[in-house]
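The values are calculated or read from the model by the stated rules, or taken from the named source; none is laboratory data. Nothing here was measured: the structure is a model prediction, and the numbers come from that model. Cβ: placed from backbone, ideal geometry, glycine included. Neighbour counts: every protein chain shown. These area figures cover heavy atoms from the full protein model, side chains too; ligands, DNA and RNA do not enter into them. Shrake-Rupley method; radii C 1.70, N 1.55, O 1.52, S 1.80 Å.
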Amino acid sequence: MIKMNLMDVLLFQDRKELGKLLQGIDSNINVHSKREMIEVLYAELTNFHQFSKKFQLLSNDAKRIALTLCFDEKLFLSKEELFGFVPKFDQESFHALVEELTSCGILFAYANKNYLIPIQIKDELIRCFKMNMDVHSFIFPSLEETNVEMEIVNDILSFIDIVVDSPLPLTKNGLIHKKDFQAIMKQFSIKETIPDEKWRFGYGRRFSYYPDRFSFIYDFCFNRKWINETDGTLVIGEKVNELESLKLDIFIQSLVNYWLTLYRRPIPTIKLLFKLFMGLVEDGNGIEEEGIIYEFTPLVTDYYYDTKEDVIKKRFINMLVNLNIIKPIERNGLRFYTVGPAKYLL
């Protein structure tokens with residue numbers, strides 16, 4: 001990833017822009033010396049104590065956009081590309097957001113009316129978020145490894161074996177019959193029941209009928225062409241043989257990539273959530289569930305009947321558990337999450 005240094009960005013700014021950034025800084029600065037202005041600004045913007053104060057004061061939208069840009073692979077973004085991160089904003093709200101980020105020295109205008117965040121500022125933004133999460137992270141020194149099974153992989157293989165042994169008849173709507181679904185669940189390590197929620201949509205092809213985890217497994221296998229729906233019957237797909245040579249780490253990575261793609265429409269920041277979270281979960285530590293929900297909900301929006309809290313709990317945390325990336329631990333009536341076996345393969 002190409003990076004731009006803060007000093008280079010400050011050198012590009014004219015005195016007018018530097019003057020705006022210096023507003024509120026208590027210092028006897030010679031505003032006729034660009035060099036002195038830059039030196040003072042550089043020291044101010046790289047002072048983590050001061051920067052963390054600014055971060056806490058940012059609006060939720062500003063935090064979300066700033067953190068998203070920390071992981072964006074493009075060095076420069078046009079104003080139109082920036083607007084793409086907040087498609088529901090009107091022009092006035094968008095300009096206010098840009099002003100909020102530029103006035104505090106996070107986002108900078110650069111050549112050809114493009115924008116960027118310097119690498120030092122990106123590092124500080126991520127550091128601020130991690131610092132906020134530290135208060136929700138606890139050490140579990142006596143943590144014992146009780147389950148190293150890749151349950152998601154085992155259950156996918158069980159599902160494929162069931163279809164190999166006996167193709168399943170489907171309903172007129174292309175769904176597995178209830179009795180066959182119950183038989184599948186008997187073979188699975190994680191049991192689910194068919195949901196009775198009236199409104200279920202947005203998270204997969206068969207999400208409206210199947211429970212969350214099985215819906216994902218079914219859609220993943222269908223997408224990989226390991227299963228196929230033909231003439232009212234669920235049969236083995238044309239590419240199922242690739243399972244014979246598929247390495248476990250590639251298997252896990254393909255599951256994660258599919259999840260991030262499948263959930264991107266209802267949760268546009270899903271990749272940001274994942275990258276931030278993967279930098280937090282560590283061996284021997286547990287992160288409190290309520291802390292995850294509290295710190296991550298500002299980075300998402302409601303999705304129809306899913307509140308922001310639902311999005312983080314049901315669609316993000318629970319899916320990380322389903323993918324064996326994290327696992328839950330109950331202590332003193334509280335729920336924590338720590339490293340799962342799949343985390344080591346990513």
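Of note:
- Candidate set: the stretch 169-206, residues that are of a type in the set (Gly, Ala, Ser) and part of a loop (DSSP other than H, G, I, E, B); chosen: the one farthest from Val321 (Cα to Cα): Gly174
- When Glu124, Glu100, Glu81 are screened for being in contact with a strand residue (DSSP E or B) (Cβ under 9 Å, 6 or more places away or on another chain), under 30 Å from Arg15 (Cα atoms) and not polar (S, T, N, Q), only Glu81 passes.
- Residue match in the stretch 11-19 (condition: under 30 Å from the mean Cα position of the chain (by Cα), among the hydrophobic types (A, V, I, L, M, F, W, C) and open to solvent by less than 60 Å² (accessible area, probe 1.4 Å)): no
- The single residue among Phe222, Phe201, Phe216 that is aromatic (Phe, Trp, Tyr) and either on the phi > 0 side of the Ramachandran plot or exposed (fewer than 12 other Cβ atoms within 10 Å of the Cβ) (or both) turns out to be Phe201.
- Unique match (being at negative phi and over 15 Å from the mean Cα position of the chain (by Cα)) among Ile252, Ile326: Ile252
- Selected residue [at pLDDT below 95, of a type in the set (Val, Ile, Thr) and surrounded by 15 or more Cβ atoms within 10 Å (Cβ to Cβ)] from Ile25, Ile29, Ile2: Ile29
- If you go through the stretch 178-198 and keep only what is open to solvent by 70 Å² or more (accessible area, probe 1.4 Å) and either basic (Lys, Arg) or modelled with pLDDT of 95 or more (or both), you end up with Lys178, Lys179, Gln182, Lys186, Gln187, Lys191, Thr193, Lys198.
- Residue in the stretch 207-222 that is modelled with the highest pLDDT, counting only those that are touching a strand residue (DSSP E or B) at 6+ places or on another chain (Cβ under 9 Å) and assigned to a loop (DSSP other than H, G, I, E, B): Tyr210
- From the list Asp90, Asp161, the lone residue that is touching a helix residue (DSSP H, G or I) at 6+ places or on another chain (Cβ under 9 Å) and open to solvent by 30 Å² or more (accessible area, probe 1.4 Å) is Asp161.
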